[in-house]
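Structure, as structure tokens:
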Amino acid sequence: MLALEKIVSGGQTGADRAALDVAMGLELETGGWVPHGRRAEDGRIPVRYAGLIETDTESYQRRTALNVRDSDATLIFSFGEATGGTALSLRLAQSSGKPVLAVDLESLSAQDAAGLIRAWLTDTGVRVLNVAGPRESGEPRITAAVTGVLKAALSAAES
């Protein structure tokens with residue numbers, strides 16, 4: 001049985017917003033820390049993303065650390081090796097002592113990734129999940145991939 005109640009992210013384009021969109025579609029709570037001014041690569045994070053809390057700085061690193069701290073576990077998406085902010089999320093999550101799962105969408109099919117995530121969420125009993133991954137400008141495939149994999153993982157987990 002899935003215990004998941006809330007998905008949080010930093011609100012950036014790409015993996016972050018895909019996770020929030022899936023959560024909203026499944027009527028899960030959303031939230032997370034975002035940079036001051038709701039800063040993202042495409043301007044201000046849209047107001048439709050509810051529950052986001054602005055930090056006192058425009059630093060992406062600060063919101064990343066707070067999202068790892070305030071969640072039960074972190075799910076990292078990448079195509080290949082995690083780089084940049086995704087790599088920072090992975091390092092912080094690993095050092096937190098909380099559950100972390102890194103999903104390389106280059107080496108796993110969408111179906112296998114969804115099954116892995118579903119099993120991990122069930123085994124860990126995560127209620128508040130931090131989702132991180134590349135921004136859209138750095139990995140144009142990420143939004144569609146995260147959307148498909150998370151929908152499959154969470155929808156199957158509900159049935």
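Would you mind telling me which numbered condition in (1) over 13 Å from the mean Cα position of the chain (by Cα); (2) part of a strand (DSSP E or B); (3) closer than 20 Å to VAL126 by Cα ILE53 fails?
If we test ILE53 against (1) over 13 Å from the mean Cα position of the chain (by Cα); (2) part of a strand (DSSP E or B); (3) closer than 20 Å to VAL126 by Cα, just (3) comes out false.
Per-residue answers, yes or no, for (1) touching a residue at least 24 places away in the same chain (Cβ under 8 Å); (2) of a type outside the set (S, T, N, Q); (3) in a loop (DSSP other than H, G, I, E, B); (4) surrounded by 14 or more Cβ atoms within 10 Å (Cβ to Cβ):
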| residue | (1), (2), (3), (4) |
| --- | --- |
| LEU92 | yes, yes, no, yes |
| GLU106 | yes, yes, yes, no |
| ASP112 | no, yes, no, no |
| ALA119 | no, yes, no, no |
| THR122 | yes, no, no, yes |
| PRO134 | yes, yes, yes, yes |
| GLU139 | yes, yes, yes, yes |
| ALA145 | yes, yes, no, yes |
| LEU150 | yes, yes, no, yes |
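If you scan segment 12-39, which residues turn out to be assigned to a strand (DSSP E or B) and farther than 12 Å from LEU129 by Cα? Step through it out loud before you land on a result.
Taking segment 12-39 as the starting set, the residues that turn out to be assigned to a strand (DSSP E or B) are 29-34, 39.
TRP33, VAL34, ARG39, listed by residue number.
Being touching a Pro at 6+ places or on another chain (Cβ under 7 Å) and either part of a helix (DSSP H, G or I) or at pLDDT below 95 (or both) is the filter here, so list the residues in segment 60-83 that pass it.
Within segment 60-83, TYR60, ARG63 qualify.
For residues that are free of Cβ contacts under 8 Å to residues at least 60 places away in the same chain and of a type in the set (Ser, Thr, Tyr), scanning just segment 51-67, find the one that is nearest to THR86 (Cα to Cα).
Filtering segment 51-67 down to residues free of Cβ contacts under 8 Å to residues at least 60 places away in the same chain leaves 51-63, 65-66.
Adding the requirement that they be of a type in the set (Ser, Thr, Tyr) leaves 55, 57, 59-60.
Numbers: THR55: 19, THR57: 19, SER59: 14, TYR60: 11 Å.
Filtering segment 51-67 for residues that are free of Cβ contacts under 8 Å to residues at least 60 places away in the same chain and of a type in the set (Ser, Thr, Tyr), the one nearest to THR86 (Cα to Cα) comes out as TYR60.
Given the options ALA114, ALA156, ALA119, ALA110, name the one that is farther than 19 Å from GLY11 by Cβ, among the hydrophobic types (A, V, I, L, M, F, W, C) and modelled with pLDDT under 95.
Numbers: ALA114 fails: modelled with pLDDT under 95; ALA119 fails: modelled with pLDDT under 95; ALA110 fails: modelled with pLDDT under 95.
Criteria check complete, one pass: ALA156.
Here are the criteria: (1) crowded, with 18+ Cβ neighbours inside 10 Å; (2) in contact with a Leu (Cβ under 8 Å, 6 or more places away or on another chain); (3) more than 22 Å from MET24 (Cβ to Cβ); (4) not β-branched (Val, Ile, Thr). Tell me which single one SER71 does not satisfy.
(3)
How many of the residues making up segment 69-102 are of a type in the set (Val, Ile, Thr) and more than 15 Å from ALA19 (Cα to Cα)?
Taking segment 69-102 first, the residues of a type in the set (Val, Ile, Thr) are 74, 76, 83, 86, 100.
If we keep only those that are more than 15 Å from ALA19 (Cα to Cα) too, we end up with 83, 100.
So the answer is 2.
The values are calculated or read from the model by the stated rules, or taken from the named source; none is laboratory data. Remember, predicted model here, so these are calculated numbers, not experimental data. Every residue, glycine as well, gets a Cβ built from its backbone with ideal geometry; the counts of neighbours run over all protein chains shown.
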